[in-house]
Structures are given as C-alpha cells and as structure tokens.
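Let me begin by presenting the structure, written as structure tokens, before commenting on it.
The values are calculated or read from the model by the stated rules, or taken from the named source; none is laboratory data. The model shown is predicted, which means the values in this text are computed figures rather than measured ones. When we count neighbours, we look across all protein chains shown, and the Cβ atoms used for this are built from the backbone with ideal geometry, even at glycine. In case anyone asks, the SASA skips ligands and DNA or RNA and just uses the protein heavy atoms, side chains included. Shrake-Rupley method; radii C 1.70, N 1.55, O 1.52, S 1.80 Å.
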Number of protein chains: 2
Amino acid sequence: MAKIASTVYEQIRTAILSGELSNSERLVEEDLAVSLGISRTPVREALRRLAAEGLVDVSPNRGARVAEWDADDLREIFDLRSILESHACELATPRASAAEIAFLENICDEMEALAKTELSSEQRLPALAAKNRIFHGKIIEISNSSRLGLLIETLIHVPIVMQTYKVYSPQALERSLRHHREIVTAMKAGDEVWAANVMRAHVLAAREEVLGRNEAD
Amino acid sequence: MAKIASTVYEQIRTAILSGELSNSERLVEEDLAVSLGISRTPVREALRRLAAEGLVDVSPNRGARVAEWDADDLREIFDLRSILESHACELATPRASAAEIAFLENICDEMEALAKTELSSEQRLPALAAKNRIFHGKIIEISNSSRLGLLIETLIHVPIVMQTYKVYSPQALERSLRHHREIVTAMKAGDEVWAANVMRAHVLAAREEVLGRNEAD
DNA sequence: TAGACCATCTTTGTATACAAATAGAGGAAT
DNA sequence: ATTCCTCTATTTGTATACAAAGATGGTCTA
C-alpha cells in the first residue's frame, strides 16, 4: 500500500485499538480526509482495509463505523485463540532454539520484575501488556507458520483483547505470569503436549477474566 | 461495497479460484478497467480486497499479481484446516438438529450416488467438489461460530484447495466419502470427540493426496 | 398532534486528471 | 561484450469532479 494510505490506515487502526475511537463511531471519509489534510481516496482505501480486518463495519452507500464486539464475540475470539495459540506452542516446541528459549525466559523475568515494582497501574499495565504481546508473538514466530500468525492476528486485534491486562486483578496477573513460565519450561523440556495444554488453559483463563469483568459492568 | 466494485471483485475472484487466472499473472488496473468498461477506481478497490484475502499479492507502486502457493503453503493450509474444521465438528455435534443431520446424510447419499455413476470425470468431479464444499460448509454453519467460518474460508479459498477432488484417485475418493459418512454417524451419536477425530483425519488425508500429487509433477 | 411526503443536504460511489514511482530500452564508457 | 547510466514509457498513487443513493428536516394533511 502506498505512503499516505498506509499512514492513515495505521493512524485509524491505532485509534481504534487504543479505544480512542469507539462506540460504533461513524467514520466519514470527507471528515477524516480534511482533518488529515489529504483527499478521500487514501482514506477510503484505509477504511476498506480496516473493514477487511474486521475493525470497521461498512455498509454500501452508508459508510463505515468502528466495529463493536459483544460477549459472544469475545467468547468466540478467546476460544479460537486457545486453539490456535496452543497449536502454535505445539509447532514451536520442537523448533525452538536455545537462544529463543532464552529470549522467552528473559521476557518472563522482565514481566515478573515489572509486576513487583511499585509503579502505578497506569504505568505498569501498558508495559506488561506490551511484553505479553511480545511473548505470545515470539512463540507464534518460532512456530514458523505465517498463516497461523495471520489468523491469530485477526483475532487479537480487537480493542478489548488488546487491553486484556487492564482488567486483570493482581491474582489473575500472577497466574498469567506463572502460565508463561510453565509454557517456557515445557518448551525447554521439549514436551509439546504440555506446552500446548498450558497455553490453552492460559488463554481460556484470560477469557474468563475478560468476560467476568465485562458482564459485571 | 458498492455495485460495480463488488461485481468486478467477484469476477476476478472466480477467475482466480477456477484457475483461469494464475501463474502469478500480473493484474494491471487499467487493463482490467478497460476490458470491463469501467474506471480504475472500482478495479483498484476490488484488487485491494482480494489482497486482504490473500488471493493476490500487491507491492507498493508495483501493482498486483495473482498469489502463488507452494508445497509449504499447502501443508500449512491443510494443517490449519484440520484443526479448525475438527473444532467446528466439536462445536457442531451438540448443536446439530435432526433436520441438519438429515441434510448431511442426504449429501452423503448424493455424493455416493454420484461417485457410482458412469459420467466422465470432467462432469463428475466438479459436482462432487461442489457437494463436498456444501458438506463442510454445513458443519461450519451448524457450529454457529461466524469467526471460525471466516478463518476457514480464508484458508480454503485457494485454487488448489478448491480443486482438491480433481487430483483424487478412485480409492482416495472412496475413503473421503467414508469419512463423511463416519463424521455424520459420530455427530448423530452425539460423540463430538469421535466426529472431530475423523474430521482431522479426513482433512489430513486430503493433504497427503494433494501434496503427493503435486510433488509427483 | 402524529404521520406521511417532498425537497434538500450530506455522504458515498465512480470517473477522470494529474503526480510520482518503477521498469525497460538504448546508448556510452570501460 | 559487459556494465552502468539516463531517458522514456508504463503503471501506480493521489486529488478532484461529478453522479447517485441515503439521511434530514420541514410542511401539509388527516
């Protein structure tokens, strides 16, 4: 994709994922274009691309809105993630090099250290969420299945999923980090079934956290 | 998507899936536009959409080509299909109504009847392939997970996958039909693990057929 | 006052025009 | 002959203009 179109794509996408744009907000091509100082053409292209990824809904002749997700969507998303990410573990385990295992262990160290600091939640949680994404992403990368990575990406690029850690209780966070550690241990031991099982439990636990918190609202 | 853009999208897509366009053929916006008697704008939109679905590759400033798939891609695709479609079986089994089971049994009957006719391969195989797609699609529909359906769709909308039956030997075809029958039996019995296992074996068997034939070339 | 209908205004869909980037051919230098 | 360069032709990327479809608001009628 070209320069301007891909830039505006990133901008709108980031705004949606961060929750800055939401509530099925209308995305009017002309408005976006003038506010960015460009023409409608690249804006339109960006919106269609976001639509293909499921981040916006477009109806013919009626324009684009930021997509919405309900509890059923989240159930589906986390179920599929649990299946696909555990498969990624299965594929990654026999392929992981010592350096890659060390990389994962290092992320575990960093996350555990972060969890113990006295920083405020506002500083700590985004940092933890970022490292969490790197952890999961690394396993997918080691699995060496580009399509698997793409499928998972379409599932996790949803505001609520991206902000999972924001709803975590201290207990849930601690359990999450224990899961990470156990996954790496299983991979290091070359036990792909173990690794896959823990990953499945890990993602399903996240599902319960997110759904529980959301239904409480 | 609008009238013209979605029409040209369907046209190009069908041409790619049928194998009519292939060999990483270049897709020049202007050429497509004049041959269809329209402007570049909707052509461009259709191409970007096809790119998002993975049917065409686009590089910035260098245009679009029909995508290509090698043996590794096919391995990946069938592996993921085996996981996702067996999950669909798992979800579908407890949900399937008597009418839906009857529908699936009916497709099994029709496919078995078709396999026995004395029609030439050129007539029989496309008909079998169409019914096969309906069979798999129905199970996904019963599973009631729209995202799962979308993920599988992106995997199977690949020329070689769509034309799987064309490379089937009579033995492979027979085994495929037996699998279908067993899947329905398992679903009818409410045994989701059985159904899922057969589906996994079914898809992996297809993988072997397709890969074997392709490597023989 | 409620509801339907019409005019208008906004917004999307498509066409065309222009700018920028890339590919390819031809020629010059070594 | 080979390599590098430049110039041109082709093709993509963006802007603008126009057409068509929806939304909106007000008025008229019952």
Legend entry - Filter pass, A:ARG65 being part of a helix (DSSP H, G or I) and surrounded by 13 or more Cβ atoms within 10 Å (Cβ to Cβ): no
Legend entry - Residues of region B:57-90 classified as among the aliphatic types (A, V, I, L, M) and more than 24 Å from B:ALA130 (Cβ to Cβ), total: 4
Inset, instruction - Among the residues of region A:136-170, write down those that are open to solvent by 40 Å² or more (accessible area, probe 1.4 Å), within 14 Å of chain B (Cβ to nearest Cβ) and over 15 Å from the mean Cα position of the chain (by Cα). - result: A:ASN144, A:SER146, A:ARG147
Inset, instruction - Check off (1) within 9 Å of DNA strand C (Cβ to nearest atom); (2) without any contact (Cβ under 8 Å) to a residue 24 or more places away in the chain; (3) in contact with a helix residue (DSSP H, G or I) (Cβ under 6 Å, 6 or more places away or on another chain); (4) open to solvent by less than 80 Å² (accessible area, probe 1.4 Å) for A:ARG40 and give me the number that stays unchecked. - result: (4)
Legend entry - Residue identified as within 11 Å of another protein chain (Cβ to nearest Cβ), within 20 Å of A:GLU45 (Cα to Cα), away from DNA strand C (no atom under 12 Å from the Cβ) and in contact (Cβ under 8 Å) with a residue 12 or more places away in the chain among B:GLU45, B:GLU53: B:GLU53
Inset, instruction - Can you tell me which residue within region A:10-35, out of those that are near DNA strand D (Cβ under 10 Å from one of its atoms) and in a helix (DSSP H, G or I), is farthest from the other protein chains (Cβ to nearest Cβ)? - result: A:VAL34
